[in-house]
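Scroll down for the structure; my scribbles are underneath it.
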């Protein structure tokens, strides 16, 4: 069974789905009440979370952030684009998880310059891919202008992930790994390798 489905059958997986969804909803709803726009870019602090949660909780974060995004949109910005918002918020953490673990293969998992440099690389690559997909969805299905939407989506997400997301990742990685506060087959593989 693929881990994106298996997560629904495991108690730990369900816990991380719920935890990531609740945190994401709280941050989204809190800042949906305040509409910050800087240089035409809508400022959404929740954008700091997908890459961090994705790396830590993999498939659980994918479901949690997808569900959290729907709930956050219902609280104030629901539109037909919310369906694509779900899909992107599902892919964003999961692709971050897969790519970061692939890049970290053969390296210790600790908050060092190596893991941080790959965090930043993953942030740029996956944010770029996901925001292109989101802007293209709006253009194809709702005739929204691609360039302005892409700049807005990418600008907000890269800003928050490269700043606040990086700090969160740096502060929590070692503690999360040490206490087993991580989830996904990639983490299981790392644990198995470390024990052999």
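Where a number appears in this text, it was derived from the coordinates with a stated rule and is not lab data. This one's a predicted model, so the numbers in the text were calculated from it and none came from an experiment. So basically every Cβ, Gly included, is an ideal-geometry build from the backbone, and we count neighbours across all protein chains shown.
How would 185, 190 line up from fewest to most surrounding beta-carbon atoms within 10 angstrom?
The most exposed by this proxy come first: 185, 190.
Please order 6, 186 by the number of other Cβ within 10 Å, starting at the fewest.
Working: 6 13, 186 20.
Ordered from fewest to most neighbouring Cβ atoms within 10 Å, 6, 186 come out as 6, 186.
So for each of 23-30, 52-59 I average, over its residues, the number of other beta carbons within 10 Å; can you give me the resulting order with the highest mean first?
52-59, 23-30
Starting from the eigenvalues of the Cα gyration tensor, five times each then square-rooted, give me the equivalent ellipsoid semi-axes of the chain, largest first, whole Å. Don't jump to the answer; show the numbers that get you there.
Numbers: eigenvalues 158, 65, 46 Å².
Semi-axis lengths for the chain are 28, 18, 15 Å.
Can you work out the FRET efficiency for the pair residue 191 and residue 143, with r the C-beta to C-beta distance and R0 = 45 Å, to the nearest 0.05?
0.40
With a ≥ b ≥ c the root eigenvalues of the C-alpha gyration tensor of segment 44-132, is it rounded (a/c under 1.5), prolate (a/b larger than b/c) or oblate?
Verdict is prolate for segment 44-132.
For the chain, what does the helix formula give at 222 nm: sum of -39500 (n - 2.57) over DSSP H segments with n ≥ 4, over the residue count, nearest 500 deg cm²/dmol?
Roughly -24500 deg cm²/dmol at 222 nm, from the helical runs in the chain.
By count of other Cβ within 10 Å, fewest leading, how are 2, 101 ordered?
Fewest to most other Cβ atoms nearby, the residues stand as 2, 101.
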